[in-house]
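Just so it is clear, none of the values below were taken in a lab; they were calculated from the coordinates. Being a predicted model, the structure only gives us computed values, none of them experimental. Reconstructed Cβ throughout: ideal geometry from the backbone, glycine too, with neighbour counts over all protein chains shown.
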Amino acid sequence: MRVVGGSVRGQKLLVVPGQGTRPILDRVKNSLFDILRPRISGMDMLDLFAGSGSVGVEALSQGAASCTFIDLAYKAVATIKKNLASTGLADRAEVLHADAFDYLNGTKKSFDLIYVAPPQYRNLWSEAMSHLDKRPELLRLSPAESTADRSTGQVIVQIHPKEYRSLGLANILETRQKRYGNTLLVFFERTEASPPGES
């Protein structure tokens, strides 16, 4: 596993020991960041269920302003910190040993991008989306003179295709999907009708 683009392109990354995480394949990560590249510069990101931190590290390498990494496993937190140290990106990162749902319920921050890649087949992705639907203010809305020029915070979920189901959320809208073999990326955005909150 490596960084596929940006300031530390080619840097190898450690994976979390054991079988508790599902690292994103480099080819999937490359395709993901081809999609994200037009909007990634200067964004604030949340890497939820961060694992090795590969996606957040990639975002920092490619121009994100900051990334908050959340994971409940001590081995994952240790691996994230090692990867940030080896890439020299720790100064723009916050690494928290925390429960993802407790964090979503309690944080006062808002983000331009939230990446959700929990362990497979535990329905954790839909639970995370339910929490975000109740707190849409965690996704930033950028002010603009016209609705057409306004950008909205985005959630990207990484799951196995068999895990997918339609969620019927009130304040967050599914916008598209991209499938790469056994990896499905599902893209969501905050809707214009969602309640105003801190941003």
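The figures follow:
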read-out	value
Rounded to the nearest 20 debye, dipole of region 20-135 from Cβ charges on Lys, Arg, Asp, Glu	100 debye
Fewest-first sequence of E189, E127 by Cβ atoms within 10 Å of each Cβ	E127, E189
Ranked T183, T191, criterion: other C-beta atoms within 10 Å, fewest first	T191, T183
Potential extension, D26-N182 segment - 0.36 nm per residue separation minus Cα distance	54.8 nm
Three-way shape label, region 60-106, alpha-carbon gyration tensor, a/c 1.5	oblate
Nearby lysines by direct alpha-carbon distance to K178 (threshold 22 angstrom, same-chain neighbours under 8 apart not counted)	K29, K162
Sequence-distant lysines (8 or more away, or on other chains) whose Cα lies within less than 22 Å of K134	K108, K109
Residue-averaged 222 nm ellipticity for the chain, from DSSP H runs of 4+ at -39500 (n - 2.57), nearest 500	-8500 deg cm²/dmol
